[in-house]
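The values are calculated or read from the model by the stated rules, or taken from the named source; none is laboratory data. None of the values given here were measured: they were computed from a predicted structure. Note: ideal-geometry Cβ built from the backbone for every residue, glycine included; neighbour counts use all protein chains shown. Keep in mind that these areas ignore ligands, DNA and RNA; they rest on the heavy atoms of the full protein, side chains included. Shrake-Rupley method; radii C 1.70, N 1.55, O 1.52, S 1.80 Å.
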Amino acid sequence: GTAFFDRFEESKRLKNNILHGRHTLLLAPRRFGKTSLARHVIKHLDISKTELDLFLLLDAKAAGAKLLEGVKALINQLTINNPEKWFRYLNDYFLQSKKRWVVGFKGVRLEIIPEHKENVIDNILEGLNALEYLLVKKKQRAVFFIDEFQEIAKLEESRALEGVIRHFAQSSSHLSFIFSGSDWHMLAHMFEDEERPLYRLCDRINLGKIPENYYRDYLNAIAKKTWKRQMSDDVFKEIMNLSDRYPYYVNAICVYLWDNFPNKQPKVAQVQECWLRYIKDLLKETRTTLSTLTLSQLKVLILVSQGMTELSGKEAILILNLSSSAVLKILRQLEVMDYVEKSDSKKIVYEVVNPVVKYSLKMFYQNYLE
């Protein structure tokens with residue numbers, strides 16, 4: 001809403017993609033603002049739109065049902081003003097395509113139901129084709145935002161599902177897809193592996209961290225409204241330092257500050273207290289997350305959190321009791337799992353992605369290097 005700021009280039013690019021019928025892949029770590037960006041852009045476009053979340057899909061049948069839900073939602077947006085007229089068009093479409101679908105009314109809404117519900121792949125394609133048929137007739141565009149799309153890759157029928165989406169998306173001229181999800185490594189693999197059906201289907205938009213100057217302008221505007229003065233430079237720098245400019249955690253710190261200091265601007269020590277309280281509130285969740293790591297992975301992650309840069313050097317190998325090649329292999333694993341990221345493309349230097357995990361490890365293992 002009104003709290004959305006920056007992402008100017010990404011917003012412009014996504015908007016242009018939608019209006020020109022290009023499909024988009026949004027990639028970033030968890031809680032970086034992918035969904036916020038998509039919703040922000042879509043909200044300001046005067047076209048039909050729908051959003052689906054494919055989290056926790058069990059099988060292809062469930063995937064098909066979800067995708068058809070989105071198709072039906074768009075069809076009802078398109079036909080809401082004159083459903084009887086478009087009822088006839090849909091009937092004509094299914095007659096021409098020689099497919100037996102039930103087209104009728106449920107209240108004031110059009111309802112489309114495939115006769116053979118077990119033909120999942122065929123039904124997805126026919127539902128999308130029927131939607132495209134209406135869009136062409138009405139000379140309108142629509143956008144279909146699918147979140148947690150990586151769940152498709154976990155299903156036995158993933159290749160067939162990806163294949164049918166590509167088959168339709170390549171020929172569609174009026175419907176644009178936006179694909180996103182929390183596992184950006186898996187999504188990148190789905191769309192960039194030349195052996196997979198969705199290879200290079202989309203324009204890839206990577207979301208990075210928001211620059212400090214945009215945060216400064218935005219937070220100063222809110223500070224003036226709340227505290228009648230700009231945020232002090234040392235307080236601002238401490239927020240940026242603790243959060244690592246990770247969008248979700250910048251917001252988390254600021255929520256704590258504004259809730260606890262409604263009348264007077266906090267000092268640096270109070271920012272640190274708020275962050276420590278937040279870390280403690282998430283302690284159980286963080287422990288659960290870290291418990292999924294092997295002991296070797298955890299040890300390497302601790303060294304990264306402590307700021308050690310020569311992770312395959314003699315000192316690190318001595319502490320870890322691992323070979324240099326084993327350390328590099330673990331770093332690659334942690335990178336795929338979204339725990340670490342390279343901070344220097346020329347050297348083997350890593351940082352912990354999530355600042356809550358980083359500071360929690362510093363607290364748990366503050367004497368690890370001694």
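Values for this structure:
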quantity: Unmet requirement for L361, which otherwise passes all of (1) surrounded by fewer than 19 Cβ atoms within 10 Å (Cβ to Cβ); (2) touching a strand residue (DSSP E or B) at 6+ places or on another chain (Cβ under 8 Å); calculated: (1)
quantity: Candidate set from region 207-252 (those that are polar (S, T, N, Q) and within 16 Å of A28 (Cβ to Cβ)); member that is surrounded by the fewest Cβ atoms within 10 Å (Cβ to Cβ); calculated: N251
quantity: Residue satisfying condition, being assigned to a helix (DSSP H, G or I), within 21 Å of L187 (Cα to Cα), of a type in the set (A, V, I, L, M, F, W, C) and in contact with a strand residue (DSSP E or B) (Cβ under 9 Å, 6 or more places away or on another chain), within set L52, L37; calculated: L37
quantity: Enumeration of residues in region 282-312 that are under 26 Å from the mean Cα position of the chain (by Cα) and surrounded by 13 or more Cβ atoms within 10 Å (Cβ to Cβ); calculated: L282, L283, T286, T289, L290, L293, Q297, L298, L301, V304, S305
quantity: Residue in region 62-78 that is of a type in the set (A, V, I, L, M, F, W, C), farther than 25 Å from V164 by Cα, open to solvent by less than 70 Å² (accessible area, probe 1.4 Å) and over 18 Å from the mean Cα position of the chain (by Cα) present; calculated: no
quantity: Condition check for K342: of a type in the set (K, R), surrounded by 15 or more Cβ atoms within 10 Å (Cβ to Cβ) and in contact with a strand residue (DSSP E or B) (Cβ under 8 Å, 6 or more places away or on another chain); calculated: no
quantity: Unmet requirement for F145, which otherwise passes all of (1) under 21 Å from A38 (Cα atoms); (2) surrounded by fewer than 16 Cβ atoms within 10 Å (Cβ to Cβ); (3) among the aromatic types (F, W, Y); calculated: (2)
quantity: Long-range neighbours under 6 Å by Cβ, at least six apart or interchain, first residue polar (S, T, N, Q) within region 168-183, second open to solvent by less than 10 Å² (accessible area, probe 1.4 Å); calculated: S176/I18; S176/V143; S180/L26
quantity: Hits in region 321-339 - residues which are over 28 Å from S243 (Cβ atoms), hydroxyl-bearing (S, T, Y) and buried (at least 16 other Cβ atoms within 10 Å of the Cβ); calculated: none
quantity: Test: L318 is at pLDDT below 95, open to solvent by 20 Å² or more (accessible area, probe 1.4 Å), part of a helix (DSSP H, G or I) and not charged (D, E, K, R); calculated: yes
quantity: Pairs, first over 30 Å from P29 (Cα atoms) in region 129-152, second β-branched (V, I, T) and outside any helix (DSSP H, G or I), C-beta under 8 Å, six or more apart; calculated: A130/I112; Q140/I47
quantity: Whichever residue in region 92-119 is assigned to a helix (DSSP H, G or I) and among the hydrophobic types (A, V, I, L, M, F, W, C) and, among such residues, is surrounded by the fewest Cβ atoms within 10 Å (Cβ to Cβ); calculated: L95
quantity: Subset of region 55-91 [in a helix (DSSP H, G or I) and either without any contact (Cβ under 8 Å) to a residue 12 or more places away in the chain or touching a Cys at 6+ places or on another chain (Cβ under 8 Å) (or both)]; calculated: A62, A65, E84, K85, R88
